[in-house]
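This report concerns only the one structure given below.
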Amino acid sequence: MKQLLCAILLLVWPVQSKEITVHVIPHSHWDREWYMPFEQHRLRLVDLLDAVLHQCEKDDDYYFLCDGQTIMVEDYLALRPENRERIGRAIREGRLSYGPQYILPDTYLADAESQVRNHLIAVREAEQWAPAASVEDLTLPPFFFSLGYFPDTFGNTAQTPQLLAEFGFTYCLAGRGFMPEKTGAHFYWQSPDGSRVFTHQFPDWYCNGKDLIADAQDFRSRFEQARRFAAGDHYLLMNGCDHQPLQKNLRAVLDSINQRKSDGRCVISHPLKFLTAVQAAQSDWPVFFGEARSKQKANGLGLEDVASARLYLKQANYHAGLMLETYAEPLAALAHVYAAAPYPQAFLDHAWKLYLQNQVHDDICGCSVDAVHQDMMIRFRQVQDVCAPIIQRSLDALFKQLDLSGLSQNDRALFIFNPTPFDRNEVVTAEVDFPDRMNIQLLSALAPDGTIVPCRVLSTERAFNYYLPDDHFRIPFQVTRVRVQLPVKAPSMGYSVYRFTPTQTALTPDHPVRVTVDGLENEYIKVIIQADGRYAVEDKTSGLRYPDLGDYELRSDVGDEYNFRSLSAETPKIYPPCPVPAQRVSDTGLEATLAFQQTIVWSERIDAKKEKRVGENVLKLKTFLTVRCGQRRLDVRVELDNHLCDYRLRVSLPTSISTEVISSEGDFAVDTRSLRPRDGYRRHSYSLPQGVFSFFQDSLRTLMITNKGLTEIEPLPAKDGSAVAALTLLRCVGELGDWGTFPTPEAQCQGRQHVEFALVPGGPETPYRAAYAYSRPLYCRGVGMQSGAWPLQGCFISEWPETVIMTAVKKAEKREGLIIRGFNVTGQPVSCRMEIKNAGRIFRTNLLEQRKEEIVNRVLQIPAYRIFTLEPTLTKGAY
C-alpha cells in the first residue's frame, strides 16, 4: 500500500508555481539521561559533538541545533576541554546553536522561578563566548538562540509566551499539546496577559527529516507529511531524533534532491530563518490561547500520568526548591544588602544547576531507568548540602545586627524568618540549643514587644555540636537541646525574635486547641471523626461542613512510568482513614494530633500477562490529623510502609461544592480547567498536574487543598453533582514504557515513605496566603547574645495584596541590589504599594534585569496576569 501511494504521488506531484523552500535543520534531541544513565549517554554525546565540529569546519554553510539546551556543551567540554576554542568559534559564527535554556525541562513539574533561571543561566553563560559583555546588563549576544524551544515537554504552560516575551523572544518551536487540526502548524501562542509569540508546532514531530535519503518517493512522502498543517512556501524537516548521530552525508543527499528541480529547494537552515519566512507570508495567523494540553489527534499530550510516577522525586524536588528559593537565596541577598555579608554567587549558581539538572523532562517526570533517578536523589541532597551553610552564614550575618544585649550568656532566643510577602501569625516548633547540662523544664517566651506568649517544652536532650572557626581548628562541644513550641507573629518578608526565660507555670493560650470526644477543634475549624471512619471538617466562621473526607482508594495499574492503565473490570478497593480508635499523639493546647493506624492486605502484584493480581502482601498506613492554634487549616500526614506493587493509591476528598472547574497552581498562573474531560477523551484517568495547591470554589465557599510535592490531582463528579478531589499519594509500576522494555523495579516505590497535604476551608475569596503559608513555612533558628542595633522585629518588604504572589528575592545578576519578582494571579489589574527597606528608587525590569521604568510614588500597577520584576536601589549595610 505504501509503495502504491508513493507511485501515485510521483504521477500527480504538482508543478510548483512558486519556489518551495524546504528548511532542513540538523539536530539531535538529547535526553541527558533516560533509558541509559547520564555517563553512558554522555559517551555518545561526545561522539556526536566531535562529528558536528568536524562537519562545521569542512562545510562553511553547515548549522547544527544543539537541542535548545546549553548543558550539552557543558557536558561535552567537561571531557573535551581541548576543544573549547573550536566550540566557541562554531558558536560565535552561528554554526552551533547556544541557548535558549540550560536544560529542557518539564514545564509543569519545574516551578515558575526555575523557568526563569533556566533561561537566565543560558544567557549569562553565553557571555563566555561573546567578544564583549555589558558590565551593567545581561544582554543576548548576536549568536544566541533567541526563541522558545520546547520540542518534547509533556504539555506547555499558559504563561510561557509572556516569559519568552520578557526575554525579548518573538518566536517559538514546540511539540506537544497544541491543536494543529484547528490552528494549523503556524499560529500565535498567547498568554493570559496578552503576550504573544509566533509559534510553529511539530505536528509530525521533531524527527520528520531524520535519516534523509535522495530517493524521490521517500522525500515526497516526508514532504506531504510536513505540509499537512503548514501554509505558504516554506516547510520544515527536522533532520534528527532522540540521541540521533550526525547524518554525515546530508549535504550530498540535499544536492541530489535539489538537482531534480521538481521537489523545491532544500537548504540547511536555522529555525529563525524558517520562522521569519513563514510569518512574513501572511498577517492573519490563528491564535492559540493559554496552556497546551490537548489530548486530541496529532501530537496530543498522552503523557500526563508522569505527574504521579515516582512521587518521591516530586517531593524531593519540593524540599530542594524550598531550601534554595525560599530560604538560601533570599537570606543570602538580604544579608548581603542589609548586613554587608559577601554574596555566595558561585555556590548559589552551583545549587541552581544541580536543581535544574533534575528538572529535565525525563528526569523529574520519573520516566527513566532506576540508575537515573538514583543519581537525581544524590543531586537533590547536594542542593540541600550547598544551601544549608549558605543559610547558616546568612543568618549569622543578620544575627550580628540584632540588639540582644539584654540576654545573658546562658539565655537564648528564637529568630523567625518569614519568606512570604504577608504577615504571619502561627504556631512553630523548633529546636534551640542552650548551654550544656542546663535543667530546663518550663519556659516562657517574650515577644519582640515584651509580651509573654505561651511556650511548650516538648523535649530536652544532651546533644553534640561543633563550631568551625575561620581562623583556627574546629571546636566540639555539648549542648542542652530543647524542642519548643510557641505561637509567633512575623512581619511580611521580615523577622521576629522571641526570647526565652525560665518559668514555674506554663501559660495557657487564649484559644487552645482541644481534643474533643469525636475529633479536634480550634477557634476556626472543627474536625469530626465520623462513625464510618472518615473525617469531616467544619468551618466555624460560616458553619459550612465538608463531610466524608479521607477514603483511601487502591486501584491496579498495568501501565508504565508514562501512563496509568487500570485493570479491566476491577473495582477499586476503598478503605476509610480512621477505622480504629485514635491515638493521641500530641495535645499541648497549641497543637493537637490524632493518629489512626491500619494494615491493608491485598494481592501483591499484577501477573506477567497483566490480566489479574496475584500473591498477597500488605500496605501499612498511619494517618495523622493535626490542628494548631490560630490556623484555619487541617494538616494531614500519611506514613506508608508499602509492600504492594502495580497500583495507585489516592485519597478521596469530597468538596461539597458544585462547580464546573478546578483551579491549580501553575507557573506564574493559576490554571483553571474543566471538571470533566472533553468529548472523545479515551484515557484511563483524567489526571491533572498541580503545583502546591488546587482549589474548588462557588459563590459561598472555597476548599483549598495544598500539598508538599504531590503533583497530581483528578477532579471527579460526585453523585449529587458536586466535585470530588482525588489526590494521588503513590503510583507503583515496574517498567519505563515508550519504545522498549526497560524494567524499573524501584518505580514500585517499596518501603517507608510519607506524604503531606492540608485542607483549608474558606469563604468565596481564594485563600492564597493560607496555601503559601503551608508550602513556605517560617524558618526558625536559635540565637544567643548579640550587640547590634536592629530591633527585635523588622520588615524588609512590606505586605502585598493576597492576589500578588512573590516568586523570587535575589541579588541582581550584575548590580549590587535586590531583584524581587512576582505576578498578579487574577484577571483584574492590581495596585500594590512597594515599601522596601532603605530603597531609594525602584525600577521595573524585564527578566534579563534590564531597567525599563521607574515606579512612581512606589505604587506598582500590575496588569491582569502580569509577571513583574523589580530592582530597588538600596543603601548597603544599613537597616
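Within region 206-228, the residues that satisfy the criterion of being modelled with pLDDT of 90 or more and open to solvent by less than 50 Å² (accessible area, probe 1.4 Å) are TYR206, CYS207, ASN208, GLY209, LEU212, ALA214, ALA216, ASP218, PHE219, ARG220, SER221, ARG222.
Summed over region 787-805, the residues that are within 22 Å of VAL337 (Cα to Cα) and surrounded by 21 or more Cβ atoms within 10 Å (Cβ to Cβ) give a count of 3. Residue count for region 458-513, restricted to those that are of a type in the set (Ser, Thr, Tyr), under 19 Å from SER408 (Cβ atoms) and at pLDDT below 95: 2. Restricted to region 397-515, the set of strands (runs of 3 or more DSSP E) holding at least 3 residues that are buried (at least 19 other Cβ atoms within 10 Å of the Cβ) and within 35 Å of the chain's Cα centre (by Cα) comprises 413-418, 424-435, 475-490, 494-502. Might you check whether a residue that is part of a strand (DSSP E or B) and hydrophobic (A, V, I, L, M, F, W, C) occurs anywhere in region 769-781? Yes, region 769-781 contains at least one residue that is part of a strand (DSSP E or B) and hydrophobic (A, V, I, L, M, F, W, C).
Got a sec? Which helices (runs of 4 or more DSSP H) wholly within region 252-340 have at least 1 residues that are in the same structural domain as PHE154 (by the TED database), hydrophobic (A, V, I, L, M, F, W, C) and farther than 30 Å from ILE390 by Cα? Ranges flagged: 271-279. Considering only residues that are over 20 Å from GLU813 (Cα atoms) and β-branched (Val, Ile, Thr), look in region 86-114 and name the one that is surrounded by the fewest Cβ atoms within 10 Å (Cβ to Cβ). Top of the filtered list is ILE87. Exactly one residue out of GLU553, GLU538 is modelled with pLDDT of 95 or more, assigned by the TED database to the domain that holds PHE757, in a strand (DSSP E or B) and within 30 Å of PRO419 (Cα to Cα): that is GLU538. THR571 meets all of the listed conditions (1) in contact (Cβ under 8 Å) with a residue 12 or more places away in the chain; (2) more than 26 Å from PRO764 (Cα to Cα) but one, namely (1).
Are any residues in region 697-716 among the aliphatic types (A, V, I, L, M) and more than 19 Å from ALA110 (Cβ to Cβ), and if so, which ones?
First pass over region 697-716, keeping only residues among the aliphatic types (A, V, I, L, M): 700, 703-705, 710, 713, 716.
The answer is LEU700, LEU703, MET704, ILE705, LEU716.
Which of the residues spanning region 184-229 are of a type in the set (A, V, I, L, M, F, W, C) and in a loop (DSSP other than H, G, I, E, B)? Reasoning before the result, please.
Here is the first cut: in region 184-229, the ones of a type in the set (A, V, I, L, M, F, W, C) are 185, 187, 189, 197-198, 202, 205, 207, 212-214, 216, 219, 223, 226, 229.
Those that are of a type in the set (A, V, I, L, M, F, W, C) and in a loop (DSSP other than H, G, I, E, B): ALA185, PHE202, TRP205, CYS207, LEU212, ILE213, ALA214, PHE229.
In summary, ASP385 fulfils each of the numbered conditions (1) under 15 Å from the mean Cα position of the chain (by Cα); (2) farther than 30 Å from HIS684 by Cβ; (3) of a type in the set (D, E, K, R) with the single exception of condition (1).
Does GLN201 qualify as being in contact with a helix residue (DSSP H, G or I) (Cβ under 9 Å, 6 or more places away or on another chain) and closer than 25 Å to ARG44 by Cα? Judged against the criteria, GLN201 is not a match. Summed over region 642-685, residues that are modelled with pLDDT under 95 and more than 29 Å from GLU802 (Cβ to Cβ) total 10.
Can you pull out the residues in region 618-640 that are of a type in the set (A, V, I, L, M, F, W, C) and assigned to a strand (DSSP E or B)? Outline the logic, then answer.
Step one: of region 618-640, the residues of a type in the set (A, V, I, L, M, F, W, C) are 618-619, 621, 624-625, 627, 629, 634, 636, 638, 640.
Selection gives VAL618, LEU619, LEU621, PHE624, LEU625, VAL627, LEU634, VAL636, VAL638, LEU640.
Taken together, ARG124, ARG117 contain a single residue that is in the same structural domain as ASP75 (by the TED database), surrounded by 19 or more Cβ atoms within 10 Å (Cβ to Cβ) and outside any loop (DSSP other than H, G, I, E, B), which is ARG117. Screening ARG841, ARG815, ARG776, ARG821 for residues that are over 26 Å from the mean Cα position of the chain (by Cα), among the basic types (Lys, Arg) and either closer than 26 Å to PRO491 by Cβ or buried (at least 18 other Cβ atoms within 10 Å of the Cβ) (or both) leaves exactly one candidate, ARG841. Select, from PHE757, PHE742, the only residue that is in contact (Cβ under 8 Å) with a residue 24 or more places away in the chain and surrounded by 22 or more Cβ atoms within 10 Å (Cβ to Cβ). When all the criteria are applied, what remains is PHE757. Total residues in region 509-535 satisfying the condition of being small (Gly, Ala, Ser) and touching an Asp or Glu at 6+ places or on another chain (Cβ under 7 Å): the figure is 0.
The values are calculated or read from the model by the stated rules, or taken from the named source; none is laboratory data. The structure presented is a predicted model; accordingly, all values stated were derived computationally and were not measured. Neighbour counts are summed over all protein chains in view; Cβ atoms, including those assigned to glycine, are modelled from backbone coordinates with ideal geometry. Quick note on the areas: whole protein, heavy atoms, side chains included, nothing else; ligands and nucleic acids left out. Shrake-Rupley method; radii C 1.70, N 1.55, O 1.52, S 1.80 Å.
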